[in-house]
Amino acid sequence: MRQVRTEIRHGDCLEVLKDYPDGAFQLIFTSPPYADRRANTYGGIKPEEYVQWFLPRSEQFLRVLGPTGTFVLNIKEKAESGERSTYVLELILELRRQGWLWTEEFIWHKKNCYPGKWPNRFRDAWERCLQFNKSRHFKMNQEAVMVPMGQWAEGRLKSLGSNDVIRFNSRVGSGFGKNIANWLNRTMAYPTNVLHLATECGNKKHSAAFPQELAAWFIKLFTDESDWVLDPFVGSGTTCKAARELGRCSVGIDLVEAYCDIARSQLSEVECLLFEREPEYGKSHGVRDKGVHRGEHP
Ligand SMILES: C[S@@+](CC[C@H](N)C(=O)[O-])C[C@H]1O[C@@H](n2cnc3c(N)ncnc32)[C@H](O)[C@@H]1O
């Protein structure tokens, strides 16, 4: 029987993670405190000190991530005095030196970003989701995030006649024509690395919560049911909530006790939902244990 376990731990992730064994997690998905942001709520870190603050923590992340695991970091540098800060770029370079592979960069396009006017730029409507791995052979369930083919198939593919495809293939030998012909008559396609999601409006419990859909997308892509997910800066518990609803075990850590309480209350809402759905869910997933656990090791 599979168990879905969820732990919310209070403290600095640097210290709390020392309780967990090497390779305990399959996915680390997190949005850390951004430099100089929300200093009143949980202490802003200066952009010039950010990398040095982050590296001891990412050393722990590297240790607790399994060999086929993935680390996704949702972060965005702000613009100050007419210039973008470079600390995220510096962090990427240092993480590579620490032993991480920088495998991919996803863009979260915030569909509903608030309106505004600045003298030298436009509204900031996207954030990075940086993907890091320990090895090139990481777990990736591409089929779990497929999207409907939609308009693209009708327009782009049908405009290429069969002669076009043959001519393109023989001229450059790229296989491009042959490859796109494979997609004719299919209803589903693989997504791009741009995710179009609205920012969280409903959740007023944390000033920097990301949408549950964002966490859920990466959890489906990089883990299987019963795998362990870690969010070392869990805030209101969004990642753990998404993990729990998807039948993944998770650990969430936050420095602020009040956020841990919010996270735990979000999780008890999930519990209620699971109880309501029990007959169907229990049958297909074999979920037995619905308690919110604390202090148990993966
Ligand atoms: C950007 S917020 C995360 C929001 C979260 N993704 C959500 O959906 O609610 C970053 C969180 O990191 C926490 N934090 C800051 N420093 C920390 C540390 N050293 N260890 C653990 N948590 C920390 C903050 O209290 C804050 O809740």
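Tabulated data
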read-out: Counted residues, the stretch 215-240 - those being within 9 Å of the ligand (Cβ to nearest atom) and not acidic (D, E); value: 9
read-out: Test: residue in the stretch 31-50 that is surrounded by 13 or more Cβ atoms within 10 Å (Cβ to Cβ), modelled with pLDDT of 95 or more and among the hydrophobic types (A, V, I, L, M, F, W, C); value: no
read-out: Boolean, V270 is at pLDDT below 95 and either in contact with a helix residue (DSSP H, G or I) (Cβ under 6 Å, 6 or more places away or on another chain) or basic (K, R) (or both); value: yes
read-out: Sole residue being at pLDDT 95 or above and under 22 Å from S31 (Cα atoms), chosen from E225, E200, E257; value: E257
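The values are calculated or read from the model by the stated rules, or taken from the named source; none is laboratory data. Quick caveat: nothing in here was measured; it's all calculated off a predicted structure. Don't worry about glycine lacking a Cβ; one is built from the backbone with ideal geometry, like all the others, and counts go over all protein chains shown.
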